1. At 7 Å along the Cα-to-beta-carbon direction for both residue 51 and residue 35, put a label point, then send me their distance in nm to one decimal.
2. Restricting to lysine pairs 8 or more places apart or on different chains, what number in the chain have Cα atoms under 24 Å apart?
3. Considering Cα pairs under 8 angstrom that are at least six residues apart, work out the relative contact order of the chain and quote it in whole percent.
4. Fewest to most neighbouring Cβ within 10 Å: what's the order for 26, 101?
5. Per residue of the chain, what 222 nm ellipticity follows from adding -39500 (n - 2.57) for every DSSP H run with n ≥ 4, rounded to the nearest 500?
6. Sorting 128, 19 on the 10 Å Cβ count, fewest up front, what's the list?
7. Counting other beta carbons within 10 Å of each Cβ, put 79, 31 in order, fewest first.
8. Please state the shape class of segment 4-142: rounded when a/c is under 1.5, otherwise prolate if a/b exceeds b/c and oblate if not, all from the C-alpha gyration tensor.
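Laboratory data are not the source of any read-out in this text; all were calculated from the coordinates shown. Small disclaimer: the values here were computed from a predicted structure and weren't measured. With ideal geometry, Cβ positions are generated from the backbone for all residues, glycine too; neighbour counts draw on all protein chains shown.
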Amino acid sequence: MDSIRDLRRILGSCRTIAVVGLSPQWHRPSFFAAKYMQEHGYRIVPVNPSAPEILGQRSYPSVTAAAQDGVQIDMVDCFRKSADIPPIADEAIAIGAKCLWLQIGVVDEASAAKARAAGLDVVMDRCVKIEHARLFGGLNWAGVDTKVISARRPQQLFY
């Protein structure tokens with residue numbers, strides 16, 4: 001599930017992202033990635049039982065709690081260690097999310113297979129912020145090689 005076309009489709013259709021393990025500390029990678037996505041028009045749903053609010057949004061103790069509060073979640077983005085993924089994947093399946101995204105360094109093949117079997121897109125060992133910037137022009141201004149070779153301008157999201 002790592003083709004450019006698939007990643008663009010996922011990032012273009014999943015507009016509400018539950019970030020599991022989102023830290024309220026500004027210097028943590030989860031905060032930085034979520035803030036970037038929020039600034040690019042995505043709705044961020046923090047999932048952190050120890051923080052009441054992150055990035056101006058109510059934080060929930062679990063993905064299920066957010067869904068029970070009426071939040072329609074498109075993507076479950078996991079900033080947790082690989083061993084913590086199975087119950088999170090089960091929650092993503094149960095609430096009807098479209099995508100289970102495991103951040104850089106997080107790989108769980110069994111949970112990925114289970115989520116795929118339930119109809120979810122699964123992305124592992126990739127950062128949602130880096131992929132969005134790479135595929136939608138966020139890195140180009142800095143002169144970073146996006147590994148996308150095309151004479152056409154990248155498709156832009158409608159913000």
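1. Going from the residue 51 label point to the residue 35 one covers 1.0 nm.
2. Counting lysine pairs in the chain gives 9.
3. 20
4. 26, 101
5. Counting only the DSSP helices, I get -10000 deg cm²/dmol.
6. Lowest count first: 128, 19.
7. Listed from fewest to most nearby Cβ atoms, that is 31, 79.
8. Rounded is the answer for segment 4-142, as its axis ratio a/c remains below 1.5.
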